[in-house]
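Contents: one structure, followed by commentary.
Any read-out appearing in this document is the output of simple, stated calculations on the displayed coordinates, not a laboratory observation. This one's a predicted model, so the numbers in the text were calculated from it and none came from an experiment. All Cβ positions, glycine included, derive from the backbone under ideal geometry; neighbour counts span all protein chains shown.
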Amino acid sequence: MSNQLSCENVTLGYENTIVTRNLSFSVSSGDYLCIVGENGSGKSTLIKTLLHLKALLSGKITLGDGLLHKEIGYLPQQTVVQRDFPASVQEIVLSGCLNRSGLRPFYNKQEKLLAHNNMRKLGICNLKKESYRLLSGGQQQRVLLARALCATQKMLLLDEPVTGLDPKAASEMYELVAKINREGGITVIMVSHDIAAAVKYSTHILHLGQQEPLFFGTKQEYVKSDICKAFMTTSGGDNNG
């Protein structure tokens with residue numbers, strides 16, 4: 001099976017500050033990769049670099065298996081401003097089709113059907129006319145996940161998708177993402193500070209440390225590793241990287 005995404009000797013950073021160097025890993029179609037690590041280890045920076053939202057300092061990132069950058073769905077960390085966005089659920093989900101619609105000033109029948117089907121998958125059809133800003137945190141994340149799914153049938157990138165959610169909503173979000181990966185065949189790359197969830201749902205784990213990657217491999221290999229045991233002993237609290 002050919003790699004859908006590969007990083008070779010990558011150096012990541014921002015404003016002339018290096019956060020990670022010598023990073024190499026690959027993802028195949030259908031994989032579920034969790035990116036974990038301590039504060040400032042470059043987890044979110046990696047996601048943004050993969051999306052071309054941040055410049056690559058050095059190294060090489062390659063897409064394969066027919067994947068195009070515009071076919072990658074993205075669920076970013078939510079900000080307070082985003083949570084207060086004044087639009088309907090349906091409008092936000094449909095906006096995930098913008099890369100498909102190009103310069104057309106309207107959504108076509110297929111795009112509207114795609115949005116409907118993704119809202120149905122995530123159990124939010126009954127909310128389609130509701131104002132996004134009035135929804136609960138868990139409902140908002142479902143809306144944003146449906147939006148991301150409108151942009152992709154191949155790869156989904158998620159940056160701390162359960163931040164700010166209560167335990168029940170967080171568990172439901174993890175289950176939804178796992179179902180999308182398992183039943184939809186969509187490759188998932190997710191940043192998480194929750195090692196237990198990473199081990200439960202992923203197929204592979206990338207553990208970033210300060211300035212360098214500490215581990216990349218299957219979750220079975222990770223669970224047996226010293227870095228996993230040490231991190232699970234010492235980690236705690238929120239972990240935005």
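Mind listing the long-range amide H neighbours of L214? Cut-off is under 5 Å, sequence gap 5 or more, other chains count too, H placed in the peptide plane at 1.01 Å from N.
Sorted by chain and number, the residues that satisfy this are H207, L208, G209.
Using only Cα atoms and rounding to the nearest 10 degrees, what angle (0 to 90) does helix 167-184 make with the longest principal axis of the chain?
90
Quick one: putting +1 on the C-beta of Lys and Arg, -1 on the C-beta of Asp and Glu, what dipole do you get for the chain around its Cα centre, in Debye to the nearest 20?
Charge dipole of the chain: 820 debye, to the nearest 20.
Summarise the long-distance tail of P(r) for the stretch 84-224 by giving the % of C-alpha pairs beyond 19 Å.
Pairs farther apart than 19 Å: 55 percent.
Search the structure for amide H atoms under 5 Å from the amide H of L158, placed 1.01 Å from N in the peptide plane, and list their residues when 5 or more places away or on another chain.
L75, I189, M190, V191
Along the Cα→Cβ direction, 7 angstrom out, place labels at I18 and S95. What is the inter-label distance in nm?
3.8
Angle, helix 109-121 long axis vs. longest principal axis of the chain, Cα atoms, 0 to 90°, nearest 10?
That helix lies at roughly 60 degrees to the long axis.
What are the radius of gyration and Dmax of the stretch 1-155, computed over its Cα atoms and given in Å?
Rg and Dmax of the stretch 1-155, Cα atoms, are 17.3, 47 Å.
Quick check: Cα centre of the stretch 6-58 to Cα centre of the stretch 120-184, how many Å?
For the stretch 6-58 versus the stretch 120-184, the Cα centre distance is 24 Å.
For L53 and N108, calculate 0.36 nm times their separation in residues minus their Cα-Cα distance, and state this gained length in nm to one decimal.
Difference between extended and current length: 17.0 nm.
If you line up the Cα atoms of the stretch 79-151 on their principal axes, what length do they span on each, largest first, in Å?
Computed over the stretch 79-151, the largest-to-smallest principal extents equal 31, 24, 18 Å.
Which of N16, N117, N39 ends up with the largest GNM mean-square fluctuation for the chain, with Cα atoms connected below 10 Å?
The residue with the greatest mean-square fluctuation here is N16.
Using 1/(1 + (r/R0)^6) with R0 = 51 angstrom and r between the beta carbons of N9 and N126, what's the FRET efficiency to the nearest 0.05?
Here the calculated transfer efficiency is 0.55.
For a quick check: with amide H placed at 1.01 Å from N, whose amide H comes under 5 Å from K54's, ignoring anything fewer than 5 positions away on the same chain?
T49
Once both axes come from the Cα atoms, what is the angle between helix 137-150 and the longest principal axis of the chain, in degrees from 0 to 90, rounded to 10?
Helix 137-150 sits at roughly 90 degrees to that axis.
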